1. Using the Kirkwood radius over Cα pairs, work out the Stokes-Einstein diffusion coefficient for segment 19-87 at 25 °C and 0.890 mPa s, in µm²/s as a whole number.
2. Output needed for the chain: three equivalent-ellipsoid semi-axes, defined as square roots of 5 times the C-alpha gyration tensor eigenvalues, in descending order, whole Å.
3. Over the chain, what relative contact order in percent results from Cα pairs under 8 Å that are six or more residues apart?
4. Work through the residues other than GLY5 whose Cβ is under 9 Å from its Cβ and net out their charges, Lys, Arg +1 and Asp, Glu -1.
5. Springs between alpha-carbon pairs under 10 angstrom, Gaussian network model over the chain: which of ASP104, ASP124, ASP42 fluctuates most?
6. What is the gain in length, in nm to one decimal, between PHE128 and GLU81 on full extension, counting 0.36 nm per residue of separation less the C-alpha to C-alpha distance?
7. Run the numbers for THR38 and SER22: contour at 0.36 nm per residue of separation, minus the present Cα-Cα distance, in nm.
8. Pick from PRO69, PRO48, PRO99 the residue whose mean-square fluctuation is largest in a GNM of the chain, springs joining Cα atoms under 10 Å.
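Coordinate-derived values only; no laboratory data. Nothing here was measured: the structure is a model prediction, and the numbers come from that model. All Cβ positions, even for glycine, are placed from backbone atoms using ideal geometry, and neighbour counts span all protein chains on display.
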Amino acid sequence: MAVVGFDGATKRHGITVNSFTSVSLEPPLVLVSIARSTRAHDELAGRPFTVNVLGAEQVALALHFAGKPGLASDEEPLWVEGPTAPRLTRPLAYFECTPWAAYDGGDHTLYLGEVLDFGYRSGDALAFQGGRFTALREDQLGVDDLL
Ligand SMILES: Cc1cc2nc3c(=O)[nH]c(=O)nc-3n(C[C@H](O)[C@H](O)[C@H](O)COP(=O)(O)O)c2cc1C
């Protein structure tokens, strides 16, 4: 699970997505698929964005940025200013992206971003499978084996 963050014309957007995937290594490209029905859809065109991969304990953030009650009213989601776009304060991983291309995806648009920077911390990942949130254990992610 991830939250796409960016500054639109008049407001900051955060949108929960399950449709985050890697596309290319050279250049490094990732994509998110954004529904045309969302407020974020038109605003994201041509704008830099971050992809914030959520930790297993961040279900409240996933719900909040899906437009559902999740965060306590006194608990505002915290953004930090990145060089290209805002990112969440403590995601499991983040990718800073500059817009690369956008493709028609039916009632969604596939937004590709070129990764300018990334970071990650240790921890379990939040996933959404079979209609429910679940955790991907860090020792099953195999990150250390890949890097
Ligand atoms: C588990 C989960 C996965 C989601 N994945 C996507 C996605 O990949 N793309 C998308 O456009 N919306 C996705 N959504 C829905 C958006 O998060 C939701 O429509 C959001 O409130 C739109 O915000 P906006 O209209 O303010 O831009 C998902 C929601 C949930 C709960």
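1. In µm²/s, the coefficient is 174.
2. They are 21, 19, 15 Å, listed from largest to smallest.
3. 25
4. For residues surrounding GLY5, the net value is +1.
5. In the Gaussian network model the winner is ASP104.
6. Separation in residues times 0.36 nm, less the Cα-Cα distance, equals 14.2 nm.
7. So the extension gain works out to 3.5 nm.
8. PRO69
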